[in-house]
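Below is one structure, written out as structure tokens; the observations come after it.
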Amino acid sequence: MVDQVEIHRKVVSDDVKERREAVDQLRDNFVDLLDKKEAWEDLIRLTRDDYRWGVRCWHNIKHWLTLTWNEDSVVRWRAVDALGSAFQYVPDKDVAWEDLIRMTWNEDSVVRWNVAGVLGSAFQYVSDKDKAWEDLIRMTGEEDGDVRVFANYSLGRVSIFKATEAESEKDFRKYLKDSVEFFGKTKQQHVVNNMWSTTCGVSKG
């Protein structure tokens, strides 16, 4: 039996290594945890980890200045990935979806684009799919290019899901066409982002 009390202790630990362990344990054991509401809240807490990963790039007349990477931000983005894995097991999925949507306003762009990617896999489990679709569409207008990439990628995945649920061949073809368009935008934006990264001397991973 997984010791959920011990996992929670690591979640609130001052030791960043223990918080990383907590993320992995929550992700790998979520389905077996008795108090899934607390486990979900713990994951949400970890996405707001105090260790931040800052990325800055700006022009200073003669040259591009580069940035500072703080590796401990790994707690945040791994927690977001774990949220995606755990989503289907959360009792109130509509509330869980709202938790994810709130994180699309997170000040950390790394969290925002990870959430944008997670939403694509969570979509099939929410009841209000029209609202969920609108949430994803909104994210395609984000200022951050990576957020737009992952939002379009998620919309492509959702379109394929819709195609599998289509009741007519006409709708099936429409959703497949939509998926191609969204994935196409993902590729186009990816090229733009790579050009930005090359210009700034930065690799986003």
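Would it be correct to say that Val90 is among the β-branched types (Val, Ile, Thr), touching a residue at least 60 places away in the same chain (Cβ under 8 Å), at negative phi and in contact with a helix residue (DSSP H, G or I) (Cβ under 7 Å, 6 or more places away or on another chain)?
Considered against the rule, which asks whether it is among the β-branched types (Val, Ile, Thr), touching a residue at least 60 places away in the same chain (Cβ under 8 Å), at negative phi and in contact with a helix residue (DSSP H, G or I) (Cβ under 7 Å, 6 or more places away or on another chain), Val90 comes out as no.
Quickly run through region 2-53 and pick out the residues that are surrounded by 21 or more Cβ atoms within 10 Å (Cβ to Cβ) and either assigned by TED's automatic domain parsing to the domain that holds Leu100 or within 20 Å of Arg112 (Cβ to Cβ) (or both).
The answer is Val23, Trp40, Leu43, Leu46, Thr47, Asp49.
When you scan region 162-189, how many residues do you find that are surrounded by 15 or more Cβ atoms within 10 Å (Cβ to Cβ) and either outside the structural domain of Leu119 (by TED's automatic domain parsing) or within 24 Å of Val111 (Cβ to Cβ) (or both)?
The number of residues fulfilling the criteria is 5.
What tally of residues in region 155-170 results from selecting those that are part of a helix (DSSP H, G or I) and touching a Lys or Arg at 6+ places or on another chain (Cβ under 9 Å)?
Qualifying residue count for the region: 6.
Of everything in region 98-125 that's among the aromatic types (Phe, Trp, Tyr) and in contact with a Phe, Trp or Tyr (Cβ under 8 Å, 6 or more places away or on another chain), which residue is nearest to Lys162 (Cα to Cα)?
Phe123
Can you confirm whether region 45-64 contains a residue that is modelled with pLDDT of 85 or more, over 18 Å from the mean Cα position of the chain (by Cα) and more than 28 Å from Leu155 (Cβ to Cβ)?
no
Residue-wise test of (1) modelled with pLDDT of 90 or more; (2) among the polar types (S, T, N, Q); (3) within 16 Å of the chain's Cα centre (by Cα).
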{"position": "Ser121", "(1), (2), (3)": "no, yes, yes"}
{"position": "Asp144", "(1), (2), (3)": "no, no, yes"}
{"position": "Gly156", "(1), (2), (3)": "yes, no, yes"}
{"position": "Phe161", "(1), (2), (3)": "yes, no, no"}
{"position": "Val180", "(1), (2), (3)": "yes, no, no"}
{"position": "Met195", "(1), (2), (3)": "no, no, no"}
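With the structure loaded, tell me whether Ala132 is within 11 Å of the chain's Cα centre (by Cα), small (Gly, Ala, Ser) and part of a helix (DSSP H, G or I) or whether it fails that test.
no
The values are calculated or read from the model by the stated rules, or taken from the named source; none is laboratory data. Predicted, not measured: the structure shown is a model, and the values here were computed from it. Cβ sites come from the backbone with ideal geometry, for glycine too, and all protein chains shown count toward neighbours.
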